[in-house]
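Comments concern the structure below.
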Amino acid sequence: MTSTECSDPVLLQKVRKLFPQLLLKDQFRIASRVKKADSLDRQSLESLCRQLENLAAHSLVRSAAVLKSEIDPELPIAAKAEEISAAIKKNPVVIVCGATGSGKTTQLPKIALSIGLGRLGRIGCTQPRRIAASSLARRLASETGGECGREVGYKVRFDDRTGRNTVIKFMTDGILLAETAADPRLLEYECLILDEVHERTLNIDFLLGYVKRLLDKRKNLRIVISSATLEAERISEFFSGAPIIEVEGRLYPIEDCFLPPEEDEELPDSVMRGVDFLNAKDSRGDVLVFLPGEREIRDCMEKLEGCDLPHTRILPLFGRLSAGDQQQVFHPGPQRRIILATNVAETSVTIPGIRFVIDSGLVRLSRFNPRSRIQELQIETVSKASARQRRGRCGRIQDGICVHLYSEEQYHEFSDFTPPEIQRASLGGVLLQMEVLRLGPMEDFPLIDPPSPALIREGRRMLEDLLALDSSGKLTRDGWKMAKMPLDPHLAKMLLSAQRYKILPEILVIAAWLSIPDPRERPFEAAA
């Protein structure tokens with residue numbers, strides 16, 4: 001049958017008109033049939049048209065039209081909105097950097113929306129922490145006139161608030177990384193905004209390398225990277241000279257006060273002294289206190305609540321806190337609030353009403369000990385970059401004060417940056433995922449700061465010991481099963497072995513016990 005006998009010009013024109021309206025993932029799936037459309041008989045062509053019409057009805061065009069994309073003129077990023085828009089249209093990768101308070105986290109998705117992105121695929125926005133992903137989705141839904149869980153949504157571990165009509169999707173970087181297994185080309189997304197990249201977590205570094213490779217296959221994918229100024233040049237170089245657009249922060253003057261601990265003074269007492277200092281200065285305005293972990297937050301809460309501070313409310317903020325308790329910090333009241341937080345409040349999350357910051361100068365960092373083969377959580381001094389981020393949390397609504405619970409001399413001894421997680425973590429889990437995704441040897445994978453050969457060898461040796469890899473480095477059947485579990489490889493292997501020996505209920509308890517920082521600590525909402 002010749003093409004003139006089987007082709008219908010009207011139907012062919014309809015096919016060519018409908019195909020570009022499909023979601024990118026649908027275009028990829030049906031492209032081979034569309035290419036052969038002119039050789040189809042009339043009945044097959046009509047069937048293809050009906051299929052395309054059904055798929056086009058599921059595009060995000062209508063949902064995107066519901067959302068308002070106006071940029072908040074009060075935010076510093078508004079002055080750069082046109083420049084950012086033009087750069088995104090012209091370049092596959094754009095880097096937007098600037099200080100806290102610039103508005104880049106909330107306004108970049110709206111800029112992407114305003115230039116027509118989000119119709120053929122979602123605008124995906126990654127965050128290092130779950131609390132940031134969920135709170136930003138709620139805020140952006142409010143700003144754009146959408147509904148959280150519908151046009152704007154979020155997905156974090158154990159909580160998926162997205163739907164078929166979701167145009168802007170916030171998620172942790174770990175979630176996006178996990179999605180690469182089922183969607184290697186990330187066809188669900190037309191634009192990806194990778195936020196807080198300067199934190200350089202293992203997931204972030206791996207995602208940067210992944211999307212760098214992906215751009216060769218997806219020429220129309222747009223990547224927007226949001227980072228602190230000091231990392232921007234290196235990231236630009238990594239992406240072959242991607243343009244950098246700097247956005248000024250919005251900060252009022254900040255007074256720095258150094259109050260190092262007195263001899264043998266415990267951390268809760270130092271924090272109390274910082275609170276007394278601020279109360280003497282000004283009793284109005286909320287206080288954000290940075291502490292290294294949950295245990296220190298509990299100790300400081302006990303100390304502050306025992307002092308019966310007048311007209312003051314003490315609130316905790318950390319990643320494991322329930323969603324309801326986390327939301328309390330976003331609703332100021334008539335009382336002064338003292339918010340005791342881990343570094344979850346260092347970036348992304350903007351807590352309204354903060355005038356003062358107390359910085360303990362401490363952080364809990366995870367480091368891999370190659371001798372014991374254990375990932376250890378250690379309390380260390382923060383880097384200068386982190387100290388600046390913490391300081392930038394105040395002075396956003398009026399003049400602020402940052403109380404440093406260390407001396408100025410100690411500050412100058414801090415390291416410039418926190419070492420990237422990829423240089424201080426066990427690589428077993430990453431190597432396992434790389435095998436599943438067939439990404440080749442880690443030595444050949446593009447990374448801004450490649451890990452040491454010793455760490456890579458140790459990671460492979462660990463997977464071989466767990467029988468996840470065979471002697472030739474190939475994934476075993478157990479390795480495939482372990483890769484599907486969102487767990488450390490050791491715990492995943494424990495569960496597989498427990499299933500074989502029919503002791504899974506008992507080992508599940510032990511695995512859960514080993515998955516949390518301290519099983520003796522009760523959740524705040526369960527505390528008496």
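Which loop-located trypsin sites (Lys or Arg not before Pro) does region 173-259 contain, where loop means any DSSP state but H, G, I, E or B and the Cβ has at most 13 other Cβ atoms within 10 Å?
Numbers: sites: Arg185, Arg200, Lys212, Arg213, Lys217, Arg218, Lys219, Arg222, Arg234, Arg250; in loops: Arg185, Arg200, Lys217, Arg218, Lys219, Arg250.
Loop-located and lightly packed - Lys217, Lys219.
3J(HN,Hα) couplings calculated from phi for region 296-310 with the Karplus curve 6.51 cos²θ - 1.76 cosθ + 1.60 (θ = phi - 60°) are, in sequence order, 5, 5, 4, 4, 5, 4, 4, 5, 5, 5, x, 8, 6, 5, x Hz; Gly and Pro show x. In order along region 498-514, the Karplus-derived 3J(HN,Hα) couplings, from 6.51 cos²θ - 1.76 cosθ + 1.60 at θ = phi - 60°, round to 4, 5, 5, 8, 6, 10, 4, x, 5, 6, 4, 4, 5, 4, 4, 4, 7 Hz, and Gly and Pro are given as x.
Proximity of backbone amide H atoms, modeled 1.01 Å from N, is registered between Phe368 and Glu376, Ala425, Ser426 at under 5 Å, excluding neighbours fewer than 5 places apart on the same chain. Between Phe158 and Arg367, the FRET efficiency estimated from the beta carbon spacing at R0 = 35 angstrom works out to 0.85. The calculated 222 nm mean residue ellipticity attributable to helices in the chain amounts to -11500 deg cm²/dmol, summing -39500 (n - 2.57) over DSSP H runs of n ≥ 4 and dividing by all residues.
Between Ser283 and Tyr252, the contour length at 0.36 nm per residue exceeds the Cα-Cα span by 9.3 nm. Within region 476-498, what residues put their amide N at less than 11 Å from the label point 7 Å along the Cα-to-Cβ vector of Asp470? Backbone N within reach: 476-477.
What does the charge count around Leu140 come to, taking other residues whose C-beta lies under 15 Å from its C-beta (Lys +1, Arg +1, Asp -1, Glu -1)? Summing Lys and Arg as +1 and Asp and Glu as -1 gives +4.
Our coupling estimate for region 175-185, obtained by passing each phi through the Karplus curve with A = 6.51, B = -1.76, C = 1.60 and θ = phi - 60°, is 5, 4, 4, 5, 5, 5, 5, 8, 9, x, 8 Hz, Gly and Pro reported as x.
Stokes-Einstein, applied to the Kirkwood radius of the chain over Cα pairs at a viscosity of 0.692 mPa s and 37 °C, places its translational diffusion at 129 µm² s⁻¹. Each of Leu496, Pro486, Pro450 was scored by the projection of its Cα onto the charge dipole of region 440-501, and the greatest displacement toward the positive side belongs to Leu496; charges sit on the C-beta of Lys, Arg, Asp and Glu. Checking the cross-link pairs Lys25/Lys169; Lys14/Lys217; Lys110/Lys212; Lys14/Lys89 against a 19 Å limit on the alpha carbon distance flags Lys14/Lys217; Lys110/Lys212; Lys14/Lys89 as lying beyond it. Bridging of Lys155 to aspartates and glutamates at a Cα separation below 12 Å is possible for Asp173, Glu179, once same-chain residues fewer than 8 apart are set aside.
Checking the cross-link filter: which lysines have an alpha carbon closer than 27 Å to that of Lys502, excluding same-chain neighbours under 8 positions apart? Reachable lysines: Lys481, Lys484, Lys493. With everything on Cα atoms, drop me the angle between helix 267-281 and the longest principal axis of the chain, reported from 0 to 90° to the nearest 10. Result, in degrees: 80.
Projected over all directions and averaged, the alpha-carbon convex hull of region 337-389 occupies 4.6 nm².
Stretch Lys219-Ile374 to full length: gain in nm at 0.36 nm per residue minus the Cα-Cα span?
So the chain would gain 51.7 nm between Lys219 and Ile374.
Taking the empirical scaling 2.2 N^0.38 Å for compact globular proteins as reference, region 59-194 has a Cα radius of gyration ratio of 0.97.
The angle separating the long axis of helix 229-238 from the principal Cα axis of greatest extent in the chain is about 30 degrees. Take the Cα of Ser515, step 7 Å toward its Cβ, do the same at Arg461, and the gap between the two points is 2.9 nm. With +1 on each Lys and Arg Cβ and -1 on each Asp and Glu Cβ, and nothing else charged, work out how big the dipole of the chain is about its Cα centre, in Debye to the nearest 20. That gives the chain a dipole magnitude of about 2720 debye. Loop sites by DSSP among the chymotrypsin sites (Phe, Trp or Tyr not before Pro) of the chain, restricted to those with at most 11 other Cβ atoms within 10 angstrom, leave 159-500 as the longest stretch without any of them. In this calculation the C-beta distance from Glu237 to Arg42 is compared with R0 = 60 Å, giving a FRET efficiency of 0.60.
In region 369-449, what trypsin sites (Lys or Arg not before Pro) fall in a loop by DSSP, with at most 12 other Cβ atoms inside 10 Å? Write out the running numbers ahead of the final one.
Working: sites: Arg371, Arg373, Lys384, Arg388, Arg390, Arg391, Arg393, Arg396, Arg424, Arg438; in loops: Arg371, Arg373, Arg393, Arg396, Arg424, Arg438.
Of the trypsin sites (Lys or Arg not before Pro), the ones in loops of region 369-449 whose Cβ has at most 12 other Cβ atoms within 10 Å are Arg371, Arg438.
No value in this document is a laboratory result; all are computed from the given coordinates. Please read all numbers here as calculations on a predicted model, not as lab measurements. Here the Cβ is made from the backbone with ideal geometry for all residues, glycine too, and neighbour counts use every protein chain on show.
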